[in-house]
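The values are calculated or read from the model by the stated rules, or taken from the named source; none is laboratory data. These figures come from a predicted structure and were not determined experimentally. Backbone-built Cβ (ideal geometry, glycine too); neighbour counts: all protein chains shown. Please note that ligands, DNA and RNA were not included when accessible areas were found on the heavy atoms of the full protein model with its side chains. Shrake-Rupley method; radii C 1.70, N 1.55, O 1.52, S 1.80 Å.
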Amino acid sequence: RSPVAHGVDAGTHAVLDVASRRAKAAKILRLVEARRPLAGARVLDVGTGSGTIAAALAAAAGHAGAVTSVDIADVRVDRDGYRFVRAEGVELPFPHAAFDVALSNHVIEHVGDAAAQAAHLRELARVLAPGGLLYLAVPHRYRLVENHYRLPLLSWLPPRLADLYVRLARRGERYDCRLLARGELARLVAAAGLRGEDATREALDATLALEGGRAARLLAR
């Protein structure tokens, strides 16, 4: 399948445009460090993609900290400053309580069905140390234009109709993402033993503050 947008890897949906990833990294750092300093922290980044966010996390963690980033494929643009681990499925190849901070930025919609998404969150909870922080960012299911295929109302449809829509639009053979509505996400988070805090408004404010006129484009990811 061809990429559905410039700077996007066809197989993984990873955004490889370095400028946009640096802007995303700045927002993530702002939100995370408002809750926990990254200096000296053990950080896990799930869904490496371009590697730009992992590199920014490593710079923030400094020599006293360490960043590990994991993905199912290696499509990195930025490769320095952190450890990369390639892994299959939702199981994380790390021991219990191995990290102080974990990030799952627009990953959960790619891991599979509801059972796989629940397992993804349980694994994140497992590898977090007591008192650790999880940054979890997801696109909302009921958005007007789906953010991976850029097709109106795609994520609203049941799977068979979504697959047909993608084929008719010549964007691939099937719709390979599963976006979550707010209620379902909240239930999955609670079932994993995590306590959630909705930071949507804060994330929007951070995007506007950091990016100004480019904010609308960045909010799509």
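Accessible surface of HIS120, taken over heavy atoms with a 1.4 Å probe and every protein chain present, rounds to 10 Å².
Span-like helix criteria (full DSSP H runs; alpha carbon extent of at least 15 Å along the helix axis; mean Kyte-Doolittle hydropathy of at least -1.0) are satisfied in the chain by 18-33, 114-127, 200-211.
Would you mind calculating the gained length between VAL85 and ALA97 on full extension (0.36 nm times residue separation, minus the Cα-Cα distance), in nm to one decimal? Could the numbers behind the result be given before it?
Values: separation 12, 0.36 × 12 = 4.32 nm, distance 1.75 nm.
Taking VAL85 through ALA97 to full extension adds about 2.6 nm, to one decimal.
Taking all protein chains together and rolling a 1.4 Å probe, LEU185 ends up with roughly 30 Å² accessible.
Put a plus charge on the Cβ of each Lys and Arg, a minus charge on the Cβ of each Asp and Glu, and nothing anywhere else: the dipole of the range 42-154 about its Cα centre is then about 160 debye. If r is the Cβ-Cβ distance from ASP74 to ALA116 and R0 is 35 Å, what FRET efficiency results, to the nearest 0.05? Efficiency, from the Cβ-Cβ distance: 0.95. Nonpolar atom fraction for the range 135-194, defined as the carbon and sulfur part of the 1.4 Å probe accessible area, stands at 59 percent.
Placing +1 on each Lys and Arg Cβ and -1 on each Asp and Glu Cβ, with no other charges, gives the chain a dipole about its Cα centre of roughly 440 debye. Considering only ASN147, GLY62, ALA125, the residue lying farthest towards the positive end of the dipole of the chain is ASN147, judged by Cα position with unit charges set on Cβ. Nonpolar atom fraction for the range 1-115, defined as the carbon and sulfur part of the 1.4 Å probe accessible area, stands at 53 percent. Any idea which of HIS106, TYR165, VAL85 is furthest toward the positive side of the dipole for the chain, if Lys and Arg beta-carbons carry +1 and Asp and Glu beta-carbons -1? Going by the charge dipole, the pick is TYR165. Taken per residue, the accessible surface of the chain reaches 51 Å², heavy atoms only and a 1.4 Å probe. Subtracting the Cα-Cα distance of VAL145 and ALA209 from their residue separation scaled by 0.36 nm leaves 20.6 nm.
In the chain, helices alone account for a calculated mean residue ellipticity at 222 nm of -10500 deg cm²/dmol, with every DSSP H run of four or more residues adding -39,500 (n - 2.57). Qualifying trypsin sites (Lys or Arg not before Pro) in the range 113-144, where qualification requires a DSSP coil assignment and no more than 11 other C-beta atoms within 10 Å, are lacking entirely. To the nearest 10, the accessible area of TYR165 is 60 Å² with a 1.4 Å probe.
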